[in-house]
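Structure first, commentary second.
The values are calculated or read from the model by the stated rules, or taken from the named source; none is laboratory data. Model, not experiment: these values are computed from the prediction. Positions of Cβ are backbone-derived with ideal geometry, glycine not excepted, and every protein chain shown enters the neighbour counts. Just the protein is used for accessible areas: all its heavy atoms, side chains included, with ligands, DNA and RNA removed. Shrake-Rupley method; radii C 1.70, N 1.55, O 1.52, S 1.80 Å.
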Amino acid sequence: MTSSSRRAAYLAVSLVWTACAGQPRLFEAVEPHMGTLVRIRLYAEGEEQAAPAMHAAFARIAEVDRELSDYLPDSEVNRLCRAPAGTPVAVSADLFRVLEASQDLAAESGGEFDVTLGPVIRLWRQARRDGLMPAADALKEARARTGYAKMRLDAGARTVTLAQAGMQLDLGAIGKGYAADAALAVLCERGITRALVAASGDLAFGDPPPGHGGWRIGIDTRVLELRNAAVSTSGAAQQHADIGGKRYSHIIDPASGLGLTAPITVSVIAPRGIESDSLSTAVSVLGAERGLKLIAKRPHTAALIAGGGRVIASPGWPGEKR
Ligand code: AMP
Ligand code: MG
């Protein structure tokens with residue numbers, strides 16, 4: 001079975017709906033994308049409207065993946081990294097938008113969020129497979145090829161210049177949130193506004209289900225109702241390396257080049273997934289105190305930070321304990 005026919009079969013079995021006389025009906029489908037399962041729920045008049053819209057939304061996610069993935073050797077971002085150093089490279093609107101948001105957050109977080117950490121992240125992926133710490137000299141060499149100041153963006157020309165050879169961009173902390181936004185936008189173009197897109201820990205919500213104030217989602221001990229917003233959760237729960245009795249997160253502290261060791265789980269609500277995804281990772285690195293300052297500066301965002309036996313909610317977090 002080819003991967004596209006497998007995907008189609010997956011869609012056929014997973015497209016389900018519930019009937020409710022005179023009301024739009026709920027449809028749901030799940031497909032594998034971006035190394036995870038992506039779930040779409042939407043309300044539509046009928047299958048004739050729902051099925052092609054689902055198809056278009058998943059196709060859009062696949063397109064974003066071909067642009068942003070560091071796993072696909074021929075993705076647009078990997079081709080950009082192979083271009084000669086110092087040469088401006090014209091890029092797609094999607095890639096430019098994601099890199100622009102990444103650079104803004106890098107500057108705001110004092111470089112704690114940094115999509116140029118690719119060389120270090122690759123070493124840590126290998127470390128996770130081997131169960132061994134990256135060698136000190138390899139880590140030093142990889143770190144010398146990182147640094148967000150070495151990436152320059154020209155908005156007028158929509159070009160990206162990487163100043164140094166061997167740089168590697170990693171959009172793992174922002175791409176899924178952006179893909180969820182992009183899929184919601186495709187549904188909206190087709191007249192479907194009551195929808196949610198969930199790419200593992202990154203969820204984007206449109207208008208609420210009929211008769212409800214929002215989409216219900218459980219985070220920590222609270223149930224939230226969200227509409228026209230996004231929520232992302234970052235933490236070491238799913239991905240980490242256990243080496244020498246220590247647990248290293250897949251999130252890297254750029255100051256040391258090491259995976260975070262403090263257990264912290266961060267959820268962020270923001271208007272869009274591009275922002276909630278990247279902020280949840282940034283706040284994980286910054287820690288509670290500096291993270292909450294960053295959240296306070298971003299309009300319409302809120303965070304819930306759990307770690308070290310404490311749960312801290314930013315002032316705007318819905319359902320905040322009084
Ligand atoms: P998330 O699960 O959204 O928190 O993203 C984690 C992923 O972001 C990792 O698997 C890496 O691909 C990437 N990453 C790790 N550390 C950083 C960092 N300090 N800044 C930006 N991206 C990072
Ligand atoms: Mg993230």
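Tabulated results
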{"quantity": "Acute angle (nearest 10 degrees) that the helix 118-130 long axis makes with the longest principal axis of the chain, alpha-carbon atoms", "calculated": "80"}
{"quantity": "Counted charge near Pro88, where neighbours are those whose Cβ lies closer than 10 Å (Asp, Glu -1; Lys, Arg +1)", "calculated": "+1"}
{"quantity": "Column: log10 I(q)/I(0), Debye, Cα scatterers of the stretch 268-313, q = 0.19 Å⁻¹", "calculated": "-0.50"}
{"quantity": "Kirkwood Rh, angstrom, the chain [1 / mean 1/r, Cα pairs]", "calculated": "20.5"}
{"quantity": "For the stretch 93-115 and the stretch 208-272, distance of Cα centres in Å", "calculated": "19"}
{"quantity": "Net lengthening on full extension, Ala85/Glu189 (0.36 nm per residue, minus Cα-Cα)", "calculated": "33.6 nm"}
{"quantity": "Where labels lie 7 Å past Cα in the beta-carbon direction, separation of Gln239 and Arg310 in nm", "calculated": "2.8"}
{"quantity": "Simple Cβ-charge dipole of the chain, Lys/Arg +1 and Asp/Glu -1, about Cα centre, in debye nearest 20", "calculated": "560"}
{"quantity": "Magnitude of the charge dipole, the stretch 103-236, Cβ model with Lys/Arg +1 and Asp/Glu -1, debye to 20", "calculated": "300"}
{"quantity": "Heavy-atom SASA rank of Arg190, Arg122 (probe 1.4 Å, accessible area, largest first)", "calculated": "Arg190, Arg122"}
{"quantity": "Folded to 0 to 90 degrees: helix 273-297 orientation relative to the chain principal axis, Cα", "calculated": "60"}
{"quantity": "Using alpha-carbon coordinates, inclination of helix 175-189 to the longest axis of the chain, degrees", "calculated": "30"}
{"quantity": "Two-site label geometry, Arg247 and Thr161: point separation in nm, points 7 Å out along Cα→Cβ", "calculated": "4.5"}
{"quantity": "Cα-centred dipole magnitude for the stretch 53-100, charges only on beta-carbon of K, R (+1) and D, E (-1), debye, nearest 20", "calculated": "60"}
{"quantity": "The stretch 23-43 versus the stretch 48-89: alpha-carbon centroid distance in Å", "calculated": "20"}
{"quantity": "Along principal axes, Cα extents of the stretch 182-322, largest first, whole Å", "calculated": "52, 35, 26"}
